[in-house]
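The values are calculated or read from the model by the stated rules, or taken from the named source; none is laboratory data. Treat the numbers as computed from the prediction; the structure is a model and nothing was measured. Every residue, glycine among them, receives a Cβ derived from its backbone with ideal geometry; neighbour counts consider all protein chains shown. Just so you know, the surface numbers come from the protein's heavy atoms only, side chains and all, with ligands and any DNA or RNA stripped out. Shrake-Rupley method; radii C 1.70, N 1.55, O 1.52, S 1.80 Å.
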Amino acid sequence: MQEPRSSKKASGYRLDQIGPRQLMVGYLRHPAVITYLVLLPVSVTLALTLGPEVGVRRLVDLGVAALLTVLIYPLAWYLLHRFVLHGSFLYRSPHTAAVWKRIHFDHHQDPNDLGVLFGAPYTTLPTLVLLLLPLGYLVGGPAGAAGAFATGLVVTLFYEYCHCIQHLAYTPRLRFLKRIKRLHLLHHFHNETGNFGITNFLWDRVAGTQYEKPGARARSESVRDLGYSGERREQYPWVARLTEAEELAGKPG
């Protein structure tokens, strides 16, 4: 069985071959981004209309819900990225192998393909719902739940755009973007067992998984395949089979 490679390109946008303007076009055309942009005004409207009239108390509750969302979202992403996406249990089952392949394996196989860079809405939206609706509801009832969800959508849109910049053949001018790009590229091209944050590396620092320079960690041999190789690939062949099927489907008849 051949080593699995990335899926055939889904977007036509290669981040190593385009600039910021082309990126914006590809970003705004991406189905995930369109989904978030459609849901955003709906959730904002609900946050402002559910329950009693908008007043100081409502605005305070929405502000608290938004603040808690901004604080908790990076922790949730860190835990999911480190222990789920870089774990092995998703590819061990034929029922979840395709999900893992789509939302993370393909991205590490080909980090410059915009088509597989974003998280899939069928995984991101349930996560936002399960995490943020209860949080917002505790703060401000139904309106707070809607406000927390709206904030989560904004954070996700910002996160995904920064993620694009990190893989773009472009050097950002802002110090913040330069730094997060450097840390994220170390995760992709040097050692994938650190720098799990995308826009926020606080929890990497807390957990001791942040590293600033290549010399701080040994180069990883699994930085592209995430450990899905050799005996693991033979024992759990579903991701490899999906990749081979995509390659065959992409070949000219």
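Here are some notes:
- Residue check, Phe149 assigned to a helix (DSSP H, G or I), farther than 17 Å from Val44 by Cβ and modelled with pLDDT of 95 or more: no
- Matching residues in the range 83-92 - criterion: being surrounded by 19 or more Cβ atoms within 10 Å (Cβ to Cβ) and either in contact (Cβ under 8 Å) with a residue 12 or more places away in the chain or among the aromatic types (Phe, Trp, Tyr) (or both): Leu85, Tyr91
- Tally of residues being surrounded by fewer than 24 Cβ atoms within 10 Å (Cβ to Cβ) and among the β-branched types (Val, Ile, Thr) across the range 140-155: 2
- Residues in the range 51-66 that are in contact with a helix residue (DSSP H, G or I) (Cβ under 9 Å, 6 or more places away or on another chain) and either part of a helix (DSSP H, G or I) or modelled with pLDDT of 90 or more (or both): 9 in all.
- All positions within the range 41-62 that are more than 15 Å from Leu133 (Cβ to Cβ) and either of a type in the set (S, T, N, Q) or open to solvent by less than 40 Å² (accessible area, probe 1.4 Å) (or both): Thr45, Thr49, Gly55, Arg58
- From His107, His95, residue being closer than 21 Å to Ile34 by Cα and either without any contact (Cβ under 8 Å) to a residue 12 or more places away in the chain or part of a helix (DSSP H, G or I) (or both): His107
- Thr69 meets the conditions (1) surrounded by fewer than 16 Cβ atoms within 10 Å (Cβ to Cβ); (2) polar (S, T, N, Q); (3) over 20 Å from Leu226 (Cβ atoms) in every case but one. The failed one is (1).
- Filter result (under 16 Å from His107 (Cβ atoms), in contact (Cβ under 8 Å) with a residue 24 or more places away in the chain and open to solvent by 10 Å² or more (accessible area, probe 1.4 Å)) within the range 168-189: Leu186, Phe189
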